[in-house]
1. All but one of (1) farther than 23 Å from residue 60 by Cβ; (2) surrounded by fewer than 22 Cβ atoms within 10 Å (Cβ to Cβ) hold for residue 178, so report the exception by its number.
2. Sort out which residues of segment 100-149 are touching a residue at least 24 places away in the same chain (Cβ under 8 Å) and on the phi > 0 side of the Ramachandran plot, and write them in order of number.
3. Residue 84 fails exactly one of the following numbered conditions: (1) in contact with a helix residue (DSSP H, G or I) (Cβ under 8 Å, 6 or more places away or on another chain); (2) within 17 Å of residue 130 (Cβ to Cβ); (3) assigned to a loop (DSSP other than H, G, I, E, B); (4) in contact (Cβ under 8 Å) with a residue 40 or more places away in the chain. What is the number of that condition?
4. Anything in segment 141-196 that is assigned to a loop (DSSP other than H, G, I, E, B), at pLDDT 95 or above and either in contact with a strand residue (DSSP E or B) (Cβ under 9 Å, 6 or more places away or on another chain) or closer than 25 Å to residue 72 by Cβ (or both)? List them, or say none.
5. How many of the residues in segment 26-63 are over 16 Å from the mean Cα position of the chain (by Cα), assigned to a helix (DSSP H, G or I) and closer than 18 Å to residue 99 by Cβ?
6. Could you tell me which numbered condition residue 115 fails, if it satisfies all but one of (1) within 15 Å of the chain's Cα centre (by Cα); (2) assigned to a loop (DSSP other than H, G, I, E, B); (3) farther than 21 Å from residue 47 by Cβ?
7. Test residue 29 against the stated conditions and say whether it is in contact with a helix residue (DSSP H, G or I) (Cβ under 6 Å, 6 or more places away or on another chain), over 14 Å from residue 136 (Cα atoms), at pLDDT 90 or above and surrounded by 16 or more Cβ atoms within 10 Å (Cβ to Cβ).
């Protein structure tokens, strides 16, 4: 199933396709807005879980558990790396290696103060979304991971445009634009967006 960040449907009453419903746990969900609501409730619970623990976000096991907690009440595959190709992200066989490299790089950046704390957290979030490790929810997962790393580094969580990026057309388009700039090695627009 595509990430709603990149495959946005302006009609929340659009029925989910059979492919989209594959792996779905709640049987009552048939429409996009029902899926968004169920995911948001699950993400809220994951946020409370993460806020109640002092964990090192720079751990691949924690990251998988975070995704599982964000989507585990909605999707059977939550927390499991994707095994199929996507139009964005690395090839599936590279996910574990690239995710570990992202964690290792961020640990190095923290240890050696390579960048200011905000930039470390934003670069880490960008790396995760660029890898696109899971079948769905990668944008929301990477932003929460960035927020948690910012907190771990003594900074407040980011605002990411101050609206839900699943439903916000103009802000969502801006987010995609700044992600693409970061893909082209210009991190500044994403840094500014993260605190906007």
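1. (2)
2. Initially, segment 100-149 is screened for residues touching a residue at least 24 places away in the same chain (Cβ under 8 Å), giving 100, 102-103, 106-107, 110, 117-141, 144-149.
Within segment 100-149, 132, 137 qualify.
3. Unmet for residue 84, out of (1) in contact with a helix residue (DSSP H, G or I) (Cβ under 8 Å, 6 or more places away or on another chain); (2) within 17 Å of residue 130 (Cβ to Cβ); (3) assigned to a loop (DSSP other than H, G, I, E, B); (4) in contact (Cβ under 8 Å) with a residue 40 or more places away in the chain: (2).
4. Within segment 141-196, 157, 158 meet the criteria.
5. So the answer is 0.
6. Unmet condition: (1).
7. Answer is yes for this residue.
The values are calculated or read from the model by the stated rules, or taken from the named source; none is laboratory data. What you are looking at is a predicted structure, and each value in this text was computed from that prediction instead of being measured. No Cβ is skipped: glycine too gets one built from the backbone with ideal geometry, and neighbour counts run over all protein chains shown.
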